[in-house]
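Below is one structure; the comments refer to it alone.
The values are calculated or read from the model by the stated rules, or taken from the named source; none is laboratory data. What you are looking at is a predicted structure, and each value in this text was computed from that prediction instead of being measured. No Cβ is skipped: glycine too gets one built from the backbone with ideal geometry, and neighbour counts run over all protein chains shown. These accessible areas exclude ligands, DNA and RNA; they are computed on the full protein's heavy atoms, side chains included. Shrake-Rupley method; radii C 1.70, N 1.55, O 1.52, S 1.80 Å.
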Amino acid sequence: MPQIAKVIVDVPTMQTNRPYDYQVPDTLLDHIQPGMRVAVPFGKGDRLIQGFILTIQDQANFEGQLKPITAVIDLQPAVNSELLQLSSWLAERTYAFQITCLQTMLPSVMRAKYSKTAQLVDEIDPALQASLFNGNDELTFDQSLAPDKLKQLMHLQRQGKLEVVYHVDDRARVKQLTAIEPALSFEQLEEARTGLRKSAQKQQQLISYLQSLIGQPNPLLKDVLATTIFTRENIKTGADKGWLRQVKVEAYRNPYPKTVTTTQKMALTDEQKRAVDAVVTATQNQSDRVFLVEGITGSGKTEVYLQTIDAVLQQAKTALMLVPEIALTPQMVKRVKGRFGDQVAVLHSGLSEGEKYDEWRRIERKEASVVVGARSAVFAPLENIGVIIMDEEHEASYKQDESPRYHARDVAIWRSQYHHCPVILGSATPSLESRARAQKGVYQLLRLTQRINQQPLPAVELVDMRVAMKQQASSNFSPALLDALKDRLQKGEQSVLLLNRRGFSSFIMCRDCGFVLQCPNCDISLTLHMDTHSMKCHYCGHEEAIPRTCPNCQSRQIRYFGTGTQKVEAELQELIPTARILRMDVDTTRKKGAHAKLLKRFGDHDADILLGTQMIAKGLDFPDVTLVGVINADTALGLPDFRASERTFQLLTQVSGRAGRADKTGAVIVQSFNPENYAIQFAKQHDYEGFYQYEMAVRHRGGYPPYYFTVQLTISHPEEALAAKKSFQIARQLRPVLSDQAIVLGPTPKSIARINNRYFYQIVIKYKQEPQLQAKLAEILETTQIDTRHGFKIGLDNEPLQFT
Ligand code: ADP
Ligand code: ZN
Ligand code: ZN
């Protein structure tokens, strides 16, 4: 029976965001499967484009003429049936195009690349053929083709002498190496030997060597040349005589070639054992329960993950472990590879495209059964998953900030339901959303309250900068912090200094009393807008003048807050001239591998002080670091975001965990203009539970997540007035479908109002239960499609994590 394929085409627009029917040519009937990529003619010009087959159906009632599929790009499905289903769900959940979702799941090298060639179909003047086609009858052409040549081509096309052909290439290339293989049997080789002269010693030896290879894996040519007496000429002679063949073998680019020392299971503490048992029982029962492991820093969460993975592998299942990009350090990879060796595949942005593709194929071919990776690894093509682990589950980097705007946690939970396996969310400072779900019993809470080494958590000293500024040593360093730094220097111990740059420069603060201007309606900081010379609230649009004196203490020391790492480094060097300082920020870590190099230098005691931005807060484990200083704890508090306190608490807790990892006790010094702030106070006490309770009350009062769901609409246009007008239009369309419970904030201009000459407005909807909302948002996206032709861009973010 004739068949039709439903194909998602690579045209990311709203109109084309649906499957198209294509006829399956008879020649492909037996080969084609869902999940394969195909080249199909599309649109009026029958341009060849790439697409993914969703389903194949018998073509029962045939109506009209369907276009046929032109070619199949894959020999086997690029996306398996689970991931096909996931792409549909993801598209709906994130308001993204399904083609974008499908492409997000694949390594970037597998994304389509198109090329066009002009092919001669008739004879032309030989001189023209020589000049235009270089004597060939085909020419690849793109935008770089000279206009006069293009004209000549157009002319030929009009004469019917030329055809344009589109090619869909697959950029994925397998790296190949040459190996050698005996071409004859043992006896045949022996026979060949008898025909040789006695003096042909090298050839005699080659025959013996080839005989020894029979039944063995074929060695790589480069290894043969490096480890045997045979030269390239000898091998060529062997090939010419028909004794051996040179064959191409696939090579994987191994990003971690160094052998990793194997580690053994540790005897678990009672708390660890309870956690492992709970999860392993769930794996045995095929339960898709979500566990929240709330464990203080140093409580041995990683060992819990490793032993759970071990149990899952023994059940002949696979395991997926997600870590934030920034925590995916060589140290972390070593810990997992040390336990599970070559079964581990690693996926992160530090790998080249080729390396990523190789790791991906190892997973797909079931050569790797444990995957460790950053956000996008959540799409790893593992089958038969036994557990999904998400370390540092509160990290904002798990949310992708471009389409599809997915959160890896949601995808992890979707996949766990598909595979009937549990999920572990781990953190010392769980997100409020996750902790609240554990409170309600949606997740199961497992707490690790003890540090493995029984060391107390480091003491945190708060320095009141309002006071310190009056004793004035410098603008960024209090006497207490300076003294502590000098003390460590003298003892030959190391220090880590954090300069928090998030939220930086967007708010103003009083140096005398720490006052930060807040929105009277929303409980969040007002943002400084230099273009309008005003303070604005990004949630409700409230606007007021920039204060000249502090509304709280009337001081005139109220101003913009912020400084750069370079400046702080120079200042510190002047204050402590003998200190060797390493600076780690976006500037010093831009080059590939620079981050690891800096860390290694610090580990080798090449420096006394590591000064850096947030990127130093995680994953570092240096035994000789006994002091952690936070230069400006307030910047995170100044974020125009209802999660400002949560971020501050998380950051301070994390950075405190860097001190005193080994047997030396560590100290933490936090400088703040608001030392009495609750986030800072709870962090000082290492009291996550206390913070959670308090913050939940704040969220309840303000009507924020986890009590409300949120969705954000972003509207932009090169002309500000148009962006504003469209935003208000959209807001007006929304209100009628919403209940009284829903709150629409905005439209308001975004803090960085103009990026790439576009003006951005946002609308935030807070809601509990709005059955009509999703459909309405989809409809808005659909009806505003026409506006995108006039320069508008409209984006939707479900549960946004970024409000700036
Ligand atoms: P967390 O991730 O919770 O901060 P880690 O997993 O880094 O903690 O563990 C802290 C240290 O304790 C690590 O050096 C780890 O090797 C060690 N450790 C973990 N579990 C045990 C155990 N059961 N026995 C001995 N040492 C352990
Ligand atoms: Zn003040
Ligand atoms: Zn407001």
| task | Please enumerate the residues belonging to segment 280-299 that are open to solvent by less than 20 Å² (accessible area, probe 1.4 Å) and either in contact with a helix residue (DSSP H, G or I) (Cβ under 6 Å, 6 or more places away or on another chain) or under 17 Å from Val336 (Cβ atoms) (or both). | result | Thr283, Phe291, Leu292, Val293, Gly295
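Could you check segment 523-554 and list, in sequence order, the residues that are open to solvent by less than 10 Å² (accessible area, probe 1.4 Å), touching a residue at least 40 places away in the same chain (Cβ under 8 Å) and not polar (S, T, N, Q)?
Here is the first cut: in segment 523-554, the ones open to solvent by less than 10 Å² (accessible area, probe 1.4 Å) are 524-527, 529, 534-535, 537-539, 550.
So of that shortlist, the ones also touching a residue at least 40 places away in the same chain (Cβ under 8 Å) come out as 524-527, 529, 537-539, 550.
Selection gives Ile524, Leu526, His529, Cys537, His538, Tyr539, Cys550.
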| field | Hits in segment 156-167 - residues which are at pLDDT 80 or above and either part of a helix (DSSP H, G or I) or open to solvent by 60 Å² or more (accessible area, probe 1.4 Å) (or both) | value | Leu156, Gln159
| note | Quick count over segment 621-643, residues being farther than 17 Å from Thr653 by Cβ, out of contact with any Phe, Trp or Tyr (no Cβ under 9 Å at 6 or more places or on another chain) and modelled with pLDDT under 85, is 2
| said: When you check Lys491 against the structure, is it at pLDDT below 85 and more than 14 Å from ligand 2 (Cβ to nearest atom), yes or no? | reply: no
| message | Can you pull out every residue in segment 311-325 that is modelled with pLDDT of 95 or more, hydrophobic (A, V, I, L, M, F, W, C) and outside any helix (DSSP H, G or I)? | response | Ala316, Ala319, Leu320, Met321, Leu322
| task | Could you check, for segment 468-476, whether at least one of its residues is exposed (fewer than 14 other Cβ atoms within 10 Å of the Cβ), modelled with pLDDT of 85 or more and either within 16 Å of ligand 3 (Cβ to nearest atom) or of a type in the set (Gly, Ala, Ser) (or both)? | result | no
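Quick check on my filter: what residues within segment 746-770 are open to solvent by 70 Å² or more (accessible area, probe 1.4 Å), over 17 Å from Phe642 (Cβ atoms) and at pLDDT 90 or above? If you could, list the steps in order and put the result at the bottom.
If we filter segment 746-770 for residues that are open to solvent by 70 Å² or more (accessible area, probe 1.4 Å), which is where we start, we get 752, 754-757, 768-769.
Still in the running and over 17 Å from Phe642 (Cβ atoms): 752, 754-757, 769.
Gln769, the sole residue that qualifies.
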| query | Do the conditions hold for Phe803, that is, is it modelled with pLDDT under 90 and either in the same structural domain as Lys399 (by TED's automatic domain parsing) or among the aromatic types (Phe, Trp, Tyr) (or both)? | reply | yes
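To keep it simple, each residue is scored yes or no on (1) under 21 Å from Ala408 (Cα atoms); (2) buried (at least 23 other Cβ atoms within 10 Å of the Cβ); (3) within 13 Å of the chain's Cα centre (by Cα); (4) not hydroxyl-bearing (Ser, Thr, Tyr).
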site: Leu322; (1), (2), (3), (4): yes, yes, yes, yes
site: Gly338; (1), (2), (3), (4): no, no, no, yes
site: Leu347; (1), (2), (3), (4): yes, yes, yes, yes
site: Glu355; (1), (2), (3), (4): no, no, no, yes
site: Trp360; (1), (2), (3), (4): yes, yes, no, yes
site: Arg365; (1), (2), (3), (4): no, no, no, yes
site: Val378; (1), (2), (3), (4): yes, yes, yes, yes
site: Glu383; (1), (2), (3), (4): yes, no, no, yes
| query | Using beta carbons and a limit of 9 Å, which pairs, at least six apart or on different chains, have the first residue in segment 7-18 and part of a strand (DSSP E or B) and the second one of a type in the set (D, E, K, R)? | reply | Val7/Asp21; Ile8/Arg18
| task | Could you check, for segment 556-563, whether at least one of its residues is loosely packed, with under 15 Cβ neighbours inside 10 Å, within 16 Å of ligand 3 (Cβ to nearest atom), in a strand (DSSP E or B) and not aliphatic (A, V, I, L, M)? | result | no
| query | Given the conditions (1) in a helix (DSSP H, G or I); (2) in contact (Cβ under 8 Å) with a residue 60 or more places away in the chain; (3) open to solvent by 20 Å² or more (accessible area, probe 1.4 Å), which single one is not true for Thr308? | reply | (3)
| field | Single condition Pro217 does not satisfy, out of (1) closer than 14 Å to Val247 by Cβ; (2) over 40 Å from the mean Cα position of the chain (by Cα); (3) surrounded by fewer than 11 Cβ atoms within 10 Å (Cβ to Cβ) | value | (2)
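Report yes if some residue within segment 250-269 is touching a Ser or Thr at 6+ places or on another chain (Cβ under 9 Å) and not in a loop (DSSP other than H, G, I, E, B); otherwise report no.
Of all residues in segment 250-269, those touching a Ser or Thr at 6+ places or on another chain (Cβ under 9 Å) come to 253, 255, 269.
Subsequent filtering for residues that are not in a loop (DSSP other than H, G, I, E, B) retains none.
Within segment 250-269, not a single residue is touching a Ser or Thr at 6+ places or on another chain (Cβ under 9 Å) and not in a loop (DSSP other than H, G, I, E, B).
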| field | Of all residues in segment 703-745 being hydroxyl-bearing (Ser, Thr, Tyr) and not in a helix (DSSP H, G or I), the one that is nearest to Pro640 (Cα to Cα) | value | Tyr704
| Residues being at pLDDT below 90, in a loop (DSSP other than H, G, I, E, B) and open to solvent by 30 Å² or more (accessible area, probe 1.4 Å) - total across segment 19-32 | 3
| field | Pairs where the first residue, in segment 242-267, is open to solvent by 100 Å² or more (accessible area, probe 1.4 Å) and the second is assigned to a loop (DSSP other than H, G, I, E, B) and at pLDDT 90 or above, C-beta under 7 Å, 6+ apart | value | Arg245/Ala183
| request: Scan segment 52-86 residue by residue and report those that are at pLDDT 80 or above and assigned to a loop (DSSP other than H, G, I, E, B). | output: Gln65, Leu66, Lys67, Ile69, Thr70, Pro77, Ala78, Val79, Asn80
| field | Filter result for the condition that a residue is assigned by TED's automatic domain parsing to the domain that holds Lys486, within 16 Å of ligand 1 (Cβ to nearest atom) and closer than 27 Å to Val463 by Cα, over Asp608, Asp624, Asp585 | value | Asp624
| message | Here are the criteria: (1) part of a loop (DSSP other than H, G, I, E, B); (2) modelled with pLDDT of 95 or more. Tell me which single one Ile424 does not satisfy. | response | (1)
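Determine, yes or no, whether Asp58 is touching a strand residue (DSSP E or B) at 6+ places or on another chain (Cβ under 9 Å), over 30 Å from Ser416 (Cβ atoms), of a type in the set (Asp, Glu) and open to solvent by 20 Å² or more (accessible area, probe 1.4 Å).
Numbers: touching a strand residue (DSSP E or B) at 6+ places or on another chain (Cβ under 9 Å): yes; over 30 Å from Ser416 (Cβ atoms): yes; of a type in the set (Asp, Glu): yes; open to solvent by 20 Å² or more (accessible area, probe 1.4 Å): yes.
Criteria met by Asp58.
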| message | If the requirement is being over 30 Å from Asn384 (Cβ atoms), of a type in the set (S, T, N, Q), within 16 Å of ligand 3 (Cβ to nearest atom) and open to solvent by 40 Å² or more (accessible area, probe 1.4 Å), which of these qualifies: Gln490, Gln454, Gln518? | response | Gln518
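Where residues in segment 494-531 are within 16 Å of ligand 2 (Cβ to nearest atom) and part of a loop (DSSP other than H, G, I, E, B), which of them is modelled with the lowest pLDDT? Can you show your working first?
Just the residues of segment 494-531 that are within 16 Å of ligand 2 (Cβ to nearest atom), to begin with: 507-518, 525-526.
Okay, now just the ones that are also part of a loop (DSSP other than H, G, I, E, B), so 507, 511-515, 517, 526.
Numbers: Phe507: 74, Arg511: 82, Asp512: 85, Cys513: 86, Gly514: 84, Phe515: 87, Leu517: 86, Leu526: 84.
My answer is Phe507.
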